[in-house]
């Protein structure tokens, strides 16, 4: 079961106590739903006076979903990026050739 599917069962509040050093205990069922084990890193976010706890993997998945909503399935982001980089490299190369034509005495120094 995916993390988001597990989290949907938690629509109620769970009370916990702040211990020494500011430690809190996340209830076992919530840790399981988040896919968090002892020693795992969690991310804390303060928003509107509330602390939200999430995992890095959960945040990455949310970001991916947001990006997917804005980019059509027909677009390959990597191919588009490479196409832009190749075009940029061609422009740079053309500039370099123009510079070498204007400065033939500097050609050997550039090589």
Name the most mobile residue of 64, 56, 91, meaning the one with the largest mean-square fluctuation, in a Gaussian network model of the chain with Cα contacts below 10 Å.
91
Kirkwood hydrodynamic radius, computed over distinct alpha-carbon pairs, for the chain: how many Å, to one decimal?
19.5
Report, in degrees rounded to the nearest 10, the 0 to 90 angle that the Cα long axis of helix 56-70 makes with the longest principal axis of the chain.
60
Mind checking the angle between helix 77-102 and the chain's longest principal axis? C-alpha axes, 0 to 90 degrees, to the nearest 10.
30
Under Stokes-Einstein, with the Kirkwood radius over Cα pairs standing in for Rh, what whole-number D in µm²/s applies to segment 3-66 at 10 °C and 1.306 mPa s?
122
Got a sec? How would 17, 55 order by Cβ neighbour count within 10 Å, fewest to most?
17, 55
Per residue of the chain, what 222 nm ellipticity follows from adding -39500 (n - 2.57) for every DSSP H run with n ≥ 4, rounded to the nearest 500?
-15500 deg cm²/dmol
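Coordinate-derived values only; no laboratory data. Just so it is clear, the structure is predicted and the values come from calculations on it, not from any experiment. Positions of Cβ are backbone-derived with ideal geometry, glycine not excepted, and every protein chain shown enters the neighbour counts.
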